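This report refers to the structure that appears directly beneath it.
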Amino acid sequence: DFGPFTIPKKGMKINLDKNNLAWYRRVITAYEKHSLVVQKNGTILIDGKKATSYTFKMNYYWMMGDNRYNSVDSRVWGFVPEDHIVGKASMVWFSKNPYGGVRWDRLFTGIK
């Protein structure tokens, strides 16, 4: 139920507005180290200067946890910068059928 959104990548420029600022605020402030203020009249200031767009400095990823219905993942923390990724999934260790039982054909298969 998130609707469409754009995952930022290095060099990508987006227009900022009240509808998408929540998606990108953490990226701009925490990872790219800029100050961001939204004035009462809706004007967005980045590092004290009026901004209607932003160009990203790094690549970002959407990370999903192993329990998609009850997991703390990008739905909670937002986009993850490339330099925070320390590993890569390579194998399905366990796969439970949502209707009961184990999906034996998926166990220990490689992830492409």
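The values are calculated or read from the model by the stated rules, or taken from the named source; none is laboratory data. Note that this is a predicted model, so its numbers are computed, not measured. Don't worry about glycine lacking a Cβ; one is built from the backbone with ideal geometry, like all the others, and counts go over all protein chains shown. Side chains are part of the model used for accessible areas, which takes the heavy atoms of the whole protein and leaves out ligands, DNA and RNA. Shrake-Rupley method; radii C 1.70, N 1.55, O 1.52, S 1.80 Å.
List of remarks:
- 30 Å Cα-Cα threshold exceeded, pairs from K9/K49; K10/K96; K57/K112; K18/K96; K18/K112; K9/K50: K10/K96; K18/K96; K18/K112
- Cross-link reach is defined here as a Cα-Cα straight distance under 18 Å, omitting same-chain residues fewer than 8 places apart; for K88 the aspartates and glutamates meeting it are D66, D73.
- Per-selection metrics, the chain (Cα): Rg and Dmax in Å: 18.3, 57
- Based on every Cα atom in the stretch 66-112, Rg and the maximum pairwise Cα distance Dmax equal 13.6, 38 Å.
- Around the Cα centre of the chain, unit charges on the Cβ atoms of Lys, Arg, Asp and Glu (plus for the first two, minus for the last two) sum to a dipole of about 220 debye.
- Of the solvent-accessible surface of the stretch 1-51, computed with a 1.4 Å probe over protein heavy atoms with every protein chain present, carbon and sulfur atoms account for 50 percent.
- Between N59 and K10, E82, the built amide H atoms are under 5 Å apart, and every one of these is 5 or more places off in sequence or on another chain.
- L21 accessible area, 1.4 Å probe, all protein chains in place, Å² to nearest 10: 10
- Solvent-accessible heavy-atom area per residue, rounded to whole Å², over the chain at 1.4 Å: 77
- Projecting the Cα atoms of I7, A51, A22 onto the charge dipole of the chain, computed from C-beta unit charges around the Cα centre, puts A51 farthest toward the positive end.
- For the stretch 8-53: rounded, prolate or oblate by the Cα gyration tensor [a/c cutoff 1.5]: prolate
- When both bridge partners sit in the chain, DSSP labels roughly 100% of those beta bridges antiparallel.
- In this simple spin-label model, placing a label point 7 Å from the Cα along the Cα-to-Cβ direction at both T109 and R25 gives a separation of 4.1 nm.
- A straight chain from K88 to R68 at 0.36 nm per residue would run longer than the Cα-Cα distance by 5.4 nm.
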